[in-house]
Amino acid sequence: MRFPEDVPVLTDDVVKLRAHSSDDIEPAYEVCQDPEMQHWTTIPVPYERENAVHYLTEFVPGGWRDGSSWAWAIEYDGRYAGTIDLRPGDGGVGEVGFAVAPWARGHGVMTRALNLAVGYVFEQQGWSRVIWRAHVGNWGSRRVAWKAGFRGLVKVPDGGVARGVRKDEWIATRSREDSTEPQGNWWQVPTLEGGGLRLRALRSTDAKRIMEACNDERTQHWLVGMPSPYQLEDAEGFVDSRTELLASGEGVTWGIADLVTDELLGNVSVFDLKNRIDASSGEVGYWLHPDARGRAVMSAAVGLAAKHAFKPIDEGGLGRRRLMLFAAEGNTASAQVAVANGFTLTGTAREASPRRDGSYDNLLCFDLLATD
Ligand SMILES: CC(C)(COP(=O)(O)OP(=O)(O)OC[C@H]1O[C@@H](n2cnc3c(N)ncnc32)[C@H](O)[C@@H]1OP(=O)(O)O)[C@@H](O)C(=O)NCCC(=O)NCCS
């Protein structure tokens, strides 16, 4: 192709993809000073003005001319707002890379640009599949890919590299036949209030309280999956891993906080939301800090979480039909939380709850239907 004459202009009336020009050098240089940009992409660091000059006057035109890379300038609100590039590979499969200026983020610019560019290579260039890759933890990029219908996400340890350093990588793809609709749920953590409590997203500042709660003797006794001893880094890892739970559609975790002080009192989760046999059900799990026990905090928290779980998805809820709750026989306080919330004891699974000493407790099985 000739540059810039043959570069197709693509637009959806909000975002325009067009050939880069020398006017983009200064704003592109500025975008590359952004710490997020330097952290998540493979651009040179420090990024000098001559890097932008080389990229826009040699690399980009050269890519169009020899067909190795097609990079468009993204125009939004009448200004250069970023770059998206498609790199063709063998067999009709290529890769996409993108970045948008900090001032233009959070307005759906990248999702629109991605749909335009991918639509073009499918419809006009006969590509069959586009691959998206990002370093693990780049939630903004992952959400853009999810919104634009990329699917089949896998995590590849050390799959990526930036400036000589190996990084874990996420990979997902969209094929020509795939819809542009997001696949699966990416849950949110709404703040829920009632009964003197606030259910809210966990934060890194909750780690110390989480560590105390999870090191408690009774927590350790009934929740055998907990690391023992439970360290501060276990708590930090737990908080960090909550985003993956939401993004994968597997579950939602709330921190239970005091309505006045916002201090963390415990944790309640609704999880297993993609159960292979029944993806309309969910399981409730919880633990409480020892200093919050004995005053019906968990009964109130499970009530709030269950109400949200039964709310239809299009009203912001989890759209559950049925909730399950399991308590080891002998864990009277936990069984009481189920009973207080109207759960039905459906049976006892024999020797189904492992103990740390290698023996097993019977497991009380409760459920609650949306229609109860
Ligand atoms: C990642 C990036 C391209 C996102 O661009 P953007 O224009 O802000 O994306 P959109 O506005 O289309 O966002 C799509 C969704 O992702 C969400 N999102 C954007 N950035 C997010 C972030 N850092 N964390 C969580 N969600 C984020 C948006 O809120 C939006 O969701 P919503 O529609 O439900 O509100 C931009 O942040 C960027 O350029 N980052 C630095 C470079 C980079 O990481 N490139 C990708 C390398 S793989």
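The values are calculated or read from the model by the stated rules, or taken from the named source; none is laboratory data. Here the structure is a predicted model, which means the values were calculated and not measured. We place every Cβ from the backbone using ideal geometry, glycine too, and count neighbours over all the protein chains shown.
Before moving on, here are some points about what is shown:
- Of all residues in region 116-174, exactly one satisfies the criterion of being touching a Ser or Thr at 6+ places or on another chain (Cβ under 8 Å), within 11 Å of the ligand (Cβ to nearest atom), outside any loop (DSSP other than H, G, I, E, B) and free of Cβ contacts under 8 Å to residues at least 40 places away in the same chain, namely Lys147.
- Tallying residues that are in contact with a strand residue (DSSP E or B) (Cβ under 6 Å, 6 or more places away or on another chain) and exposed (fewer than 11 other Cβ atoms within 10 Å of the Cβ) within region 145-190 yields 3.
- Options Gly82, Gly106, Gly97: the member that is within 13 Å of the ligand (Cβ to nearest atom) and either free of Cβ contacts under 8 Å to residues at least 24 places away in the same chain or not assigned by TED's automatic domain parsing to the domain that holds Ala28 (or both): Gly106
- Qualifying residue in region 269-285 (condition: among the polar types (S, T, N, Q), more than 29 Å from Leu369 (Cβ to Cβ) and either assigned by TED's automatic domain parsing to the domain that holds Asn331 or surrounded by fewer than 16 Cβ atoms within 10 Å (Cβ to Cβ) (or both)): no
- Subset tally (residues that are within 26 Å of Glu217 (Cα to Cα) and acidic (Asp, Glu)) for region 293-334: 1
- Here the strands (runs of 3 or more DSSP E) wholly within region 181-260 that include at least 1 residues being under 30 Å from Tyr360 (Cα atoms) are 252-258.
- Any hit, region 195-202, residues being within 14 Å of the ligand (Cβ to nearest atom) and touching a Lys or Arg at 6+ places or on another chain (Cβ under 6 Å): no
- Residue list for region 69-79, restricted to those being touching a Ser or Thr at 6+ places or on another chain (Cβ under 9 Å) and either within 11 Å of the ligand (Cβ to nearest atom) or closer than 19 Å to Ile171 by Cβ (or both): Ile74
- Scan of region 335-347 for residues that are under 22 Å from His221 (Cα atoms) and of a type in the set (S, T, N, Q), ordered by number: Gln336
- Flag for Glu58 being touching a residue at least 24 places away in the same chain (Cβ under 8 Å), at negative phi and surrounded by fewer than 18 Cβ atoms within 10 Å (Cβ to Cβ): no
- Residue check, Glu50 more than 19 Å from Ile84 (Cβ to Cβ) and either at pLDDT 95 or above or buried (at least 17 other Cβ atoms within 10 Å of the Cβ) (or both): yes
- Within region 316-372, the only residue that satisfies the criterion of being farther than 19 Å from Phe271 by Cβ, crowded, with 16+ Cβ neighbours inside 10 Å and in contact with a Gly (Cβ under 8 Å, 6 or more places away or on another chain) is Asp361.
- Selection within region 29-83 - within 15 Å of Ala104 (Cα to Cα) and aliphatic (A, V, I, L, M): Val31, Met37, Ala73, Ile74, Ala81
- When restricted to residues that are exposed (fewer than 12 other Cβ atoms within 10 Å of the Cβ), more than 15 Å from the ligand (Cβ to nearest atom) and under 31 Å from the mean Cα position of the chain (by Cα), region 6-43 contains 1.
- Against the conditions (1) at pLDDT 95 or above; (2) exposed (fewer than 15 other Cβ atoms within 10 Å of the Cβ), Val118 satisfies every one except (2).
- Candidate set: region 74-91, residues that are over 27 Å from the mean Cα position of the chain (by Cα) and farther than 15 Å from Trp103 by Cβ; chosen: the one surrounded by the fewest Cβ atoms within 10 Å (Cβ to Cβ): Asp90
- Scanning region 116-143 for residues that are over 20 Å from the mean Cα position of the chain (by Cα) and of a type in the set (Gly, Ala, Ser) gives Ala117, Gly119, Gly126, Ser128.
- The C-beta contact set for region 188-212 (first residue on the phi > 0 side of the Ramachandran plot, second residue part of a strand (DSSP E or B), distance under 8 angstrom, 6+ apart or interchain) comprises Gly196/Asp258.
- Counted residues, region 1-43 - those being under 25 Å from Glu169 (Cα atoms), in a loop (DSSP other than H, G, I, E, B) and of a type in the set (A, V, I, L, M, F, W, C): 2
- Ala113 vs. criteria more than 23 Å from Val239 (Cβ to Cβ), over 17 Å from the mean Cα position of the chain (by Cα) and either within 12 Å of the ligand (Cβ to nearest atom) or not in a loop (DSSP other than H, G, I, E, B) (or both): yes
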